[in-house]
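Heads up, the thing below is written out as structure tokens.
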Amino acid sequence: MQKCIVLLLITLFSPNLLFSQVKEDLDRGVVALTLNENTVYVGWRLLKDDPEHLMFNVYRQDIGFGGYSKVNAEPVKHSTNFIDSTVTGGHGYQYKVHTVVDGVETESPGEGYVFTLTGNQPWYSIKLQDNVELKRVGIGDLDGDGAYDFVLQHPNFNVDPYHRPGYWKKSPEPYKLDAYSSRGDFLWRHDMGWAIETGTWYSPYMVFDVDQDGKAEVYAKAGEGDPRQVDGHVLQGPEYLIKLDGKTGVEIKKQDWISKQGFESYNYWSRNFLTVAYLDGINPSLVMQRGTYTVIKTMALDKALNPIWQWASLGEYEDYKGQGMHGIMTGDIDLDGKDELVIGTAALDHDGQPMWRTGLGHNDAGYIADIDPDRPGYEIFYGVESRSPKNGVCLVDAKTGDIIWGYKGRTHHVHSQGMVADLTDEYPGIECYAGEAKGGDKFFLYSAQGHRLSDQNLWGLAPRAVWWDKDDQKEICYDNKIIEYGGEEKLAIEGKILIVADVIGDWREEILTSLPGELRIYSTNIPADRKKVCLMQNHLYRMAVADASMGYYNAPQIGFK
């Protein structure tokens, strides 16, 4: 109740909280998936501007056999999916939906295609131009048609700038960025070049409509020529931020990247990040950052890529050194209608001024969410890489940085992404999971209130949570399976998991995986009995999906708006 009252008061006095800032003109995201040779599951999006009592009609076209025909007897009222059991198999089908409001029917953009000889198949795939395996995926509407397209980074190779033997190694070939439409059409390729070493920290890119023309652009770190040393290191040469046209891949703007000045070594200056944030609550801004373990430099840019503000953990902010993480978390953590940046175990306000620091040092895991529903505002769950006498796994207040609860013992290296998700209705709020590595052997599963539920290695170091079936709790992607919290296996999946996000269909999430020459998109074919707005229209969630193409992958969480 306390949280509801606080949020109501904030909403009344902060108009920006009444809607999601992200303005994407999404289509219905229709997806069609086979249950068997004679039955097709059809799912689609509910959008935030849809009227409360909206209903739907579903239409099917037998490819090569005429036009569309309605397949539902009565309008679909209580969900955004439908089971079509009238197909005959043997060829392809195209589906679309019409909206029905007060008896008036209107066609909605977005179509789904299925070929029905494959039996029970809750996935579809995009065949890639070459037999490549992917490292990362960026998601955005590149052509303005209302469907999400994909910008894929390959090869699947990573080098870390850390100096210890076994970490850094020569780049075997330059990274490429390949753009594909939602329907799988190859659009363009950008070669990042030899100036960008093939590792996560050298090669951030971002897919987002920062200039607000209705089409997403692609932003990336870039260099010039081949500045490699004899051993393969890139130690000098110009560094840039470039803007690529999302539809064509043509470079349309270039400017200097954040300088290396003030950084002690190659290991520290090689760590680079890109994100997007609504710093004024209205317009998206691009954010560049350099540094994690010592000096951290952050710069915010407007849509013309002109600096808005700059900040560094130098001078009066020396005590912010080493408080970075392997990414940036973006969200309105003080509920003023403007985004802040959580750069690790410290936060910057929307104007670039430091808000707080925990003093915990560098963290591997970090998630902003309404983890404890009985507390006002957001919380942040941390797993701290730095050796910690206590609170190496902890929950903090997102607005103040105050520690709410934490593990009282010593931790060695809480590693990788961990996981937060509402896994069971036995405890209120969201459960938090993390584990140690590289010298440590502890594992942690906590309730939102800080009760330790398990000390066992349940799901490794970086499981993924996903809304897959029709209930409110999430399932877990681990060991190439989707499993329930209690251990029941729901589905086997193939390939390296790239991202979990609501990119198509109803409010459940998709699992995007990489196989040789293939981007595979797993999507549920389990009917739901409720309607929920597309998750990508939730601001906190959408910002986290944008971040998936840089740094460590942190799964998106639902925010208050």
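The table below lists the values:
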| read-out | value |
| --- | --- |
| Filter pass, E488 being within 25 Å of D529 (Cβ to Cβ) and under 22 Å from the mean Cα position of the chain (by Cα) | no |
| Single match in T298, T330 (criterion: within 21 Å of Y552 (Cα to Cα), assigned to a strand (DSSP E or B) and in contact with a helix residue (DSSP H, G or I) (Cβ under 9 Å, 6 or more places away or on another chain)) | T330 |
| Complete set of residues in the range 217-236 that are open to solvent by 60 Å² or more (accessible area, probe 1.4 Å) and closer than 24 Å to R136 by Cβ | E224, D226, R228 |
| From K390, K399, K321, residue being farther than 27 Å from L286 by Cβ, open to solvent by 30 Å² or more (accessible area, probe 1.4 Å) and either hydrophobic (A, V, I, L, M, F, W, C) or over 18 Å from the mean Cα position of the chain (by Cα) (or both) | K390 |
| The range 242-277, subset open to solvent by less than 10 Å² (accessible area, probe 1.4 Å) and in contact with a Pro (Cβ under 6 Å, 6 or more places away or on another chain), residue farthest from Q212 (Cα to Cα) | S270 |
| Lone qualifier among G138, G89 - being open to solvent by less than 60 Å² (accessible area, probe 1.4 Å), more than 30 Å from Y266 (Cβ to Cβ) and not aromatic (F, W, Y) | G89 |
| Sole exception among (1) among the charged types (D, E, K, R); (2) open to solvent by less than 50 Å² (accessible area, probe 1.4 Å); (3) under 23 Å from D149 (Cβ atoms); (4) more than 20 Å from the chain's Cα centre (by Cα) for D209, by number | (4) |
| G418 in contact (Cβ under 8 Å) with a residue 24 or more places away in the chain, under 22 Å from the mean Cα position of the chain (by Cα) and crowded, with 22+ Cβ neighbours inside 10 Å | yes |
| Residue satisfying all of: in the range 149-183; surrounded by 18 or more Cβ atoms within 10 Å (Cβ to Cβ) and in contact with a helix residue (DSSP H, G or I) (Cβ under 8 Å, 6 or more places away or on another chain); farthest from W269 (Cα to Cα) among these | V151 |
| Check on I308, within 17 Å of Y433 (Cβ to Cβ), in contact with a strand residue (DSSP E or B) (Cβ under 7 Å, 6 or more places away or on another chain) and of a type outside the set (K, R) | no |
| Residue that is modelled with the lowest pLDDT [pool: residues in the range 107-116 that are in a loop (DSSP other than H, G, I, E, B) and surrounded by 17 or more Cβ atoms within 10 Å (Cβ to Cβ)] | T116 |
| Condition met for L187 (touching a Phe, Trp or Tyr at 6+ places or on another chain (Cβ under 8 Å), surrounded by 22 or more Cβ atoms within 10 Å (Cβ to Cβ) and aliphatic (A, V, I, L, M)) | no |
| Residues located in the range 199-246, provided they are closer than 17 Å to F273 by Cβ, touching a Phe, Trp or Tyr at 6+ places or on another chain (Cβ under 6 Å), assigned to a loop (DSSP other than H, G, I, E, B) and not acidic (D, E) | S203, P204 |
| Output for the range 336-355, where each listed residue is open to solvent by 10 Å² or more (accessible area, probe 1.4 Å), more than 20 Å from the chain's Cα centre (by Cα) and either more than 15 Å from V287 (Cα to Cα) or not acidic (D, E) (or both) | D336, H350, Q353, P354, M355 |
| Pairs with Cβ under 8 Å, 6+ apart, first in the range 115-137 and polar (S, T, N, Q), second open to solvent by 60 Å² or more (accessible area, probe 1.4 Å) | T116/E37; T116/N38; N120/N36; Q129/F186; Q129/R189; N131/P516 |
| Members of the range 23-63 found to be farther than 16 Å from I504 by Cβ, out of contact with any strand residue (DSSP E or B) (no Cβ under 8 Å at 6 or more places or on another chain) and either among the basic types (K, R) or in a loop (DSSP other than H, G, I, E, B) (or both), listed by number | K23, E37, N38, D49, E52 |
| Count - residues of the range 437-478 that are in contact (Cβ under 8 Å) with a residue 60 or more places away in the chain, closer than 17 Å to G406 by Cα and surrounded by fewer than 21 Cβ atoms within 10 Å (Cβ to Cβ) | 1 |
| Filter result (surrounded by fewer than 19 Cβ atoms within 10 Å (Cβ to Cβ), in contact (Cβ under 8 Å) with a residue 40 or more places away in the chain and not basic (K, R)) within the range 494-520 | L515, P516, G517, E518 |
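The values are calculated or read from the model by the stated rules, or taken from the named source; none is laboratory data. Predicted model, so just to flag it, every value in this text is computed and none were measured. Neighbour counts are summed over all protein chains in view; Cβ atoms, including those assigned to glycine, are modelled from backbone coordinates with ideal geometry. Accessible surface is based on the protein model in full, side chains and every heavy atom, while ligands, DNA and RNA are left aside. Shrake-Rupley method; radii C 1.70, N 1.55, O 1.52, S 1.80 Å.
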